[in-house]
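One structure is given here, and the rest of the page talks about it.
All of the numbers you see were taken from the coordinates with simple rules; none came from a lab. These numbers were taken from a predicted model, which means no experiment stands behind them. Cβ: placed from backbone, ideal geometry, glycine included. Neighbour counts: every protein chain shown.
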Amino acid sequence: MQKKRLSEKVIPILFDFVVWSGFAAFLVASYVAYSTFAERFSEPVHKLIGLVQSFMA
């Protein structure tokens, strides 16, 4: 059995770390953007959420 080089072990772990941290950053940015949008335009947001809920029901 061949020994794996350190880079062959580390690169997939770093790749996973970068992908998951990017996903987490996207979720945080989406939450911040939504909360800012909901605070600034509260009436249209509530109408839009009501429309979506009535469509889903």
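Below are the figures for this structure:
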read-out: Under Karplus coefficients 6.51, -1.76 and 1.60, residue-wise ³J(HN,Hα) of the range 16-30 in Hz, glycine/proline x; value: 4, 4, 5, 5, 5, 5, x, 5, 5, 5, 5, 5, 5, 5, 5
read-out: Estimated D of the chain in µm² per second, where Rh is the Kirkwood radius over Cα pairs and Stokes-Einstein applies at 4 °C, 1.567 mPa s; value: 87
read-out: Farthest toward positive dipole pole in the chain [+1 Lys/Arg, -1 Asp/Glu at C-beta], among H46, I13, Y31; value: I13
read-out: Over the chain: helical MRE at 222 nm, DSSP H runs n ≥ 4 each giving -39500 (n - 2.57), nearest 500; value: -31000 deg cm²/dmol
read-out: Selection of trypsin sites (Lys or Arg not before Pro), the chain, meeting DSSP coil and at most 12 other Cβ within 10 Å; value: K3, K4, R5
read-out: Angle in degrees between helix 42-56 and the longest Cα principal axis of the chain, rounded to the nearest 10; value: 80
read-out: Separation of the S30 and F17 label points, Cα + 7 Å toward Cβ, nm; value: 2.5
